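Chemist: First the structure, which I've put down as C-alpha cells, then a few questions once you've had a look.
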Amino acid sequence: MKICIFGAGAIGGYMAVKLAQAGADVCIVARGPHLAAIQSKGLTLLEEGQAPVTVPVRASADPADFGPQDYVIVTLKAHSVPPVVAAMQPLIGPDSTIVSGVNGVPWWYFHKIGGALEGTRLSSVDPGNLQWNGFGPDRVLGCVVYPAAEVSEPGTIRHIEGNRFSLGEPDGSKSPRATALSQALQAAGLKAPVRPRLRDEIWVKLWGNLSFNPISALTHATLEVLCTDPGTRDVARRMMVEAQEIAEKLGVTFPIDVERRIDGGAAVGAHRTSMLQDLDAGRPLEIDALVRSVQELGHITGTPTPTIDTVLALVTLRARTAGVY
C-alpha cells in the first residue's frame, strides 16, 4: 500500500510519522523550511510522556517525484487545495483514492447523498469545480480529523491531543478501500473507525468551527472565554441553531444538543482557535470552508442565516483588513 500525505504540516506530519513507524510505504509533499528540515534530518514527533521519535520519510515539493499512489491523504487548509489540483495529478492513478482530511463542508458533500440535491456543487469550497473535475468524486473517501498538533519548528511536530481519524464513504458503505486504510491507520496506533454516517460527524465538528473560529478571530478570546461570556456564547448558540436547521433539512442527525456542544468548547480551556492563530501569524483564514459554505447551504436549502451572515461579513472584512483573505 502506497500512501502520500499531501500537505505534511501538523496533522499530516503526525500521520506520516505514525505510518512510517509502522512500516508503511509513505511519502509526503511539503514545502519551504519544513521540507528542507525533513529532507536533511528526518521528521520528528514529540508526544507528551514519550521520547522524541525521528523517522526518515521520502519528502519532496514535487508530486511527480513519487508517481501514482494507492491513497493520497490531503491535509491542507481547504482554501489551499483547489490551486494544487493540477500539480497533484502525478499522484493519481486509475485506482487511487483521495482521502479528504480537510476542515469544513467538503467539496464532495452532495456526491451519492441521493435525492434532489444529488451532485450539487459548492462554489464556496470548490470554485470552478476544480476538485470535482480534477479528482473526480468517485475517488473520494471522507475523513474527519480530530487530533490537535502543531509544527513547533521546521521538521518537528508536537502532538497535543487526540488520535482519531473517522473515515466514511459518501454513500455510507463499508468499502474495501475504507477498510484497508482503516487497518493501516490502526496498525500505526491511530483510531480510524469507518462510519456509515460520516456527514453527521462532519456537522458536529463544523458546529464548533463555524462559530468559535470567527468569533475568536473577531474578539481574540480563547475558547473558555467566548463559550462562557454571555454575549459571545449567545452569538455562537444562534449560529449553531441556524446551522442545525440547515443540516437537519439535509438528513443529518445530531447526537448532542447545542448547549452541550458549547460546553464542550468551554471545557477545552484557554485554547486559541486555529483561525485566531492564523490571523496572528498572518496566514490566510479558513473563512470559506468553515462559514461561507454554511451560508451557501442555507441558500440551497432555503434557510435564513442572519447571525451567520453577520459574523461572516465581519470576519471577512477583518481578514481583508489584515491582508489574509
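The values are calculated or read from the model by the stated rules, or taken from the named source; none is laboratory data. Since the model is a prediction, treat every value here as computed from it, not as a measurement. Neighbour counts run over all protein chains shown; Cβ positions are idealised from the backbone, glycine included.
Chemist: Looking only at the stretch 157-193, how many residues end up being aliphatic (A, V, I, L, M) and either assigned to a strand (DSSP E or B) or at pLDDT below 95 (or both)?
Modeler: Just the residues of the stretch 157-193 that are aliphatic (A, V, I, L, M), to begin with: 157, 160, 167, 178, 180-181, 184-185, 187-188, 190, 192.
Now restrict to residues that are either assigned to a strand (DSSP E or B) or at pLDDT below 95 (or both): 157, 160, 167.
The number of residues fulfilling the criteria is 3.
Chemist: Output the residues belonging to the stretch 257-280 that are at negative phi, not in a helix (DSSP H, G or I) and not basic (K, R).
Modeler: Initially, the stretch 257-280 is screened for residues at negative phi, giving 257-268, 270-280.
The next check asks that each one be not in a helix (DSSP H, G or I); those that pass are 257, 270-273.
Across the stretch 257-280, the qualifying residues are D257, A270, H271, T273.
Chemist: Checking I3 against (1) buried (at least 20 other Cβ atoms within 10 Å of the Cβ); (2) in a helix (DSSP H, G or I), only one condition comes out false. Which one?
Modeler: (2)
Chemist: With the structure loaded, tell me whether R283 is outside any helix (DSSP H, G or I) and in the same structural domain as L223 (by TED's automatic domain parsing) or whether it fails that test.
Modeler: Considered against the rule, which asks whether it is outside any helix (DSSP H, G or I) and in the same structural domain as L223 (by TED's automatic domain parsing), R283 comes out as yes.
Chemist: Same structure again: Kindly establish whether I73 is within 25 Å of W207 (Cβ to Cβ), modelled with pLDDT under 95 and under 20 Å from the mean Cα position of the chain (by Cα). So that I can check it myself, show each step before the final result.
Modeler: Numbers: within 25 Å of W207 (Cβ to Cβ): yes; modelled with pLDDT under 95: no; under 20 Å from the mean Cα position of the chain (by Cα): yes.
No: the conditions fail for I73.
Chemist: Sticking with this structure for a sec: Name the pairs whose Cβ atoms lie under 6 Å apart, with the first residue in the stretch 245-263 and of a type outside the set (A, V, I, L, M, F, W, C), the second part of a loop (DSSP other than H, G, I, E, B) and surrounded by 17 or more Cβ atoms within 10 Å (Cβ to Cβ), and 6 or more positions between them or separate chains?
Modeler: E245/T303
Chemist: Since Q50 meets every condition but one in (1) among the polar types (S, T, N, Q); (2) crowded, with 19+ Cβ neighbours inside 10 Å; (3) at pLDDT below 95, which condition does it not meet?
Modeler: Status for Q50: all satisfied but (2).
Chemist: Follow-up question, since we're still on this one. Out of all the residues in the stretch 53-63, is one or more out of contact with any His (no Cβ under 7 Å at 6 or more places or on another chain), crowded, with 18+ Cβ neighbours inside 10 Å and closer than 22 Å to A148 by Cα? I'd like the intermediate steps shown before the answer.
Modeler: Residues of the stretch 53-63 out of contact with any His (no Cβ under 7 Å at 6 or more places or on another chain): 53-63.
Still in the running and crowded, with 18+ Cβ neighbours inside 10 Å: 57, 59, 63.
In the following step, the residues that additionally are closer than 22 Å to A148 by Cα were identified as 57.
Yes.
Chemist: If we keep just the residues of the stretch 94-139 that are part of a loop (DSSP other than H, G, I, E, B), among the hydroxyl-bearing types (S, T, Y) and surrounded by 18 or more Cβ atoms within 10 Å (Cβ to Cβ), which is nearest to the chain's Cα centre (by Cα)?
Modeler: Kept after step one, since they are part of a loop (DSSP other than H, G, I, E, B), are these residues of the stretch 94-139: 101-126, 135-136.
Imposing the further condition that a residue be among the hydroxyl-bearing types (S, T, Y) reduces the set to 109, 120, 123-124.
Still in the list and also surrounded by 18 or more Cβ atoms within 10 Å (Cβ to Cβ): 109, 124.
Details: Y109: 13, S124: 15 Å.
Here the answer is Y109.
Chemist: Could you tell me whether any residue of the stretch 24-45 is over 26 Å from D288 (Cα atoms), touching a His at 6+ places or on another chain (Cβ under 8 Å) and crowded, with 20+ Cβ neighbours inside 10 Å?
Modeler: Looking through the stretch 24-45, at least one residue is over 26 Å from D288 (Cα atoms), touching a His at 6+ places or on another chain (Cβ under 8 Å) and crowded, with 20+ Cβ neighbours inside 10 Å.
Chemist: Which one of these is touching a Phe, Trp or Tyr at 6+ places or on another chain (Cβ under 7 Å) and either over 22 Å from E118 (Cα atoms) or surrounded by fewer than 20 Cβ atoms within 10 Å (Cβ to Cβ) (or both): A281, A319, A221?
Modeler: Working: A281 fails: touching a Phe, Trp or Tyr at 6+ places or on another chain (Cβ under 7 Å); A221 fails: touching a Phe, Trp or Tyr at 6+ places or on another chain (Cβ under 7 Å).
Of the residues listed, the single one that is touching a Phe, Trp or Tyr at 6+ places or on another chain (Cβ under 7 Å) and either over 22 Å from E118 (Cα atoms) or surrounded by fewer than 20 Cβ atoms within 10 Å (Cβ to Cβ) (or both) is A319.
Chemist: Quick check: is even one residue across the stretch 218-232 in contact (Cβ under 8 Å) with a residue 60 or more places away in the chain and outside any loop (DSSP other than H, G, I, E, B)? Spell out the reasoning first.
Modeler: First pass over the stretch 218-232, keeping only residues in contact (Cβ under 8 Å) with a residue 60 or more places away in the chain: 218.
Add one more test, that the residue is outside any loop (DSSP other than H, G, I, E, B), and what stays is 218.
Yes, that holds for at least one residue.
Chemist: Between A289, A270, A281, A247, which is out of contact with any strand residue (DSSP E or B) (no Cβ under 9 Å at 6 or more places or on another chain) and closer than 16 Å to V225 by Cβ?
Modeler: Details: A289 fails: closer than 16 Å to V225 by Cβ; A281 fails: closer than 16 Å to V225 by Cβ; A247 fails: closer than 16 Å to V225 by Cβ.
Result: A270 is the single residue among A289, A270, A281, A247 that is out of contact with any strand residue (DSSP E or B) (no Cβ under 9 Å at 6 or more places or on another chain) and closer than 16 Å to V225 by Cβ.
Chemist: So G208 fits all but one of (1) in the same structural domain as E118 (by TED's automatic domain parsing); (2) closer than 19 Å to N103 by Cα; what number is the exception?
Modeler: In the conditions (1) in the same structural domain as E118 (by TED's automatic domain parsing); (2) closer than 19 Å to N103 by Cα, G208 misses (1) alone.
Chemist: Here is a list of conditions, (1) over 19 Å from the mean Cα position of the chain (by Cα); (2) more than 16 Å from V105 (Cα to Cα); (3) in contact (Cβ under 8 Å) with a residue 40 or more places away in the chain, and D278 meets all of them except one; can you say which number that is?
Modeler: It is condition (1) that D278 fails.
Chemist: Only residues that are basic (K, R) and farther than 26 Å from L45 by Cβ: list them for the stretch 196-217, please. Outline the logic, then answer.
Modeler: Going residue by residue through the stretch 196-217, those that are basic (K, R) are 197, 199, 205.
Passing the criteria: R197, R199.
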